[in-house]
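**Student:** One structure is given below, represented as structure tokens, and several questions about it will come after.
What follows is calculated from the coordinates using simple rules that are stated; it is not laboratory data. Everything numeric in this text was worked out from a predicted model, so none of it was measured. Positions of Cβ are backbone-derived with ideal geometry, glycine not excepted, and every protein chain shown enters the neighbour counts.
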Amino acid sequence: MVMSGVADTRLLLALEFPPDEVSRARVKTLLQRELARRLLAPSVVLAEFIKHAGSRIGRDSAEVTIARLKEDGMRVVPLGEREAMLAGGLLLAHHEAPMADALIASFVKSGRGQYVISDDPHFRVMGIESKWF
């Protein structure tokens, strides 16, 4: 069975606001591959994306981006008790890690995903495999 990647908010932001055309193409290629593998997006990623992207392109446009990704196969997964407990353990061991990063990482810790798709160093510090374009 092919394990899914877990989207970090940075993936969605890089798709919406790539720094250059080469990065835009790389993010799209990465995203297509991950969508084919049944990309997971923890619900907290949606909240962060709407906060950050919505301040630049408006809430409606941010929600359209999420809807399009869902149509393309991104699976939004809710945070449950198991993920909350795992995230709490990560935060206890890694005080510097942001809450959202620990919640996202918990999906890898729980075995629901294989790695986080991000360039955020907090994931590696927490012992979570990450990939980036």
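**Student:** Just for region 1-19: of the residues that are under 21 Å from L103 (Cα atoms) and not hydrophobic (A, V, I, L, M, F, W, C), which one is surrounded by the most Cβ atoms within 10 Å (Cβ to Cβ)?
**Tutor:** Result: G5.
Conditions tested, residue by residue: (1) touching a helix residue (DSSP H, G or I) at 6+ places or on another chain (Cβ under 6 Å); (2) not basic (K, R).
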{"position": "E48", "(1), (2)": "yes, yes"}
{"position": "G54", "(1), (2)": "yes, yes"}
{"position": "V64", "(1), (2)": "no, yes"}
{"position": "G73", "(1), (2)": "yes, yes"}
{"position": "E83", "(1), (2)": "yes, yes"}
{"position": "G88", "(1), (2)": "no, yes"}
{"position": "E96", "(1), (2)": "no, yes"}
{"position": "S106", "(1), (2)": "yes, yes"}
{"position": "K109", "(1), (2)": "yes, no"}
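**Student:** Given the residues E83, E63, which is the only one that is crowded, with 21+ Cβ neighbours inside 10 Å, outside any loop (DSSP other than H, G, I, E, B) and more than 11 Å from the chain's Cα centre (by Cα)?
**Tutor:** Answer to the selection: E83.
**Student:** Taking only region 114-133 into account, find how many residues are in a loop (DSSP other than H, G, I, E, B), crowded, with 20+ Cβ neighbours inside 10 Å and over 11 Å from the mean Cα position of the chain (by Cα).
**Tutor:** Residues that pass the stated criteria total 2.
**Student:** Determine whether region 20-39 contains at least one residue that is in a helix (DSSP H, G or I) and under 17 Å from A100 (Cβ atoms).
**Tutor:** No: region 20-39 contains no residue that is in a helix (DSSP H, G or I) and under 17 Å from A100 (Cβ atoms).
**Student:** So in region 20-49, with the set limited to residues that are charged (D, E, K, R) and in contact (Cβ under 8 Å) with a residue 24 or more places away in the chain, which one is farthest from I117 (Cα to Cα)?
**Tutor:** Among residues in region 20-49 that are charged (D, E, K, R) and in contact (Cβ under 8 Å) with a residue 24 or more places away in the chain, the one farthest from I117 (Cα to Cα) is E48.
**Student:** Looking only at residues that are in a loop (DSSP other than H, G, I, E, B) and in contact (Cβ under 8 Å) with a residue 12 or more places away in the chain in region 1-19, which one is farthest from the chain's Cα centre (by Cα)?
**Tutor:** V2
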